[in-house]
Each structure stands twice: as C-alpha cells, then as structure tokens.
Amino acid sequence: ELKARLLQFVTATSGVPSRGFGYLQGNDGNTMNFTIMGTTDKGFPRSHTCFNRIDLPLYDSKDDMEEKLKIAITMVSTGFDLE
C-alpha cells in the first residue's frame, strides 16, 4: 500500500501503466519519466505531479528519510497539506 501511495504522491495516479513505468504520462499527455531530485531543504518531500517528480531532501539518515516520506505520502492522501 505504501508503494501505491508513493506513486499517487508523485504521479497523481496509484497504478503503473499497463506497459510499464516507461509509459508514465505528464499532464500534457506526453511520456514523462518518474524523477527523483535531491534538495538541500531538510523539510518534507515535495511532489510535482505534472512532471512525475519528487523533490527528496538529502536527509542525514535513512530512518529520517523513511519517516518524513511516510508522513508526506500519508497526509496527502487524507487531504492534509503541510504548506
């Protein structure tokens, strides 16, 4: 379930295209890759669903990253916004 929520968080869809990730579409209908961008911000991950992109802060530990990512993908699905 967390994988589906992560996909929903980044792409605005909870399912992988039937032909695979190589066929993810952006908001304009063109194929757009799933992209992870590192940031120096230490806050929560941010998504750009139009571009299938997640801005993932460079956390000090894997545990910190997992905690913040779980919070972000869980809160978004309930309609809570951290901004």
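FYI, it's all coordinate maths here, none of it is from the lab. Everything numeric here is computed off the predicted structure, so don't read it as measured data. Cβ coordinates were reconstructed from backbone atoms using ideal geometry, including for glycine residues, and neighbour counts include every protein chain displayed.
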Notebook entry, point to check: So which residues in the range 3-35 are in a helix (DSSP H, G or I) and in contact with a helix residue (DSSP H, G or I) (Cβ under 7 Å, 6 or more places away or on another chain), if there are any at all?
Noted result: 5, 6, 8, 9
Next item on the list: Considering each of 20, 43, 29 in turn, give the residue that is more than 13 Å from the chain's Cα centre (by Cα) and under 14 Å from residue 72 (Cα atoms).
Entry: 43
Next item on the list: Give me a count of the residues in the range 15-62 that are surrounded by 11 or more Cβ atoms within 10 Å (Cβ to Cβ) and basic (Lys, Arg).
Entry: 3
Item checked: Identity of the residue in the range 1-13, free of Cβ contacts under 8 Å to residues at least 40 places away in the same chain and under 11 Å from the mean Cα position of the chain (by Cα), that ends up nearest to residue 61 (Cα to Cα) -> 3
Next item on the list: Among the residues of the range 36-76, write down those that are basic (Lys, Arg), within 15 Å of residue 9 (Cα to Cα) and assigned to a helix (DSSP H, G or I).
Entry: 68, 70
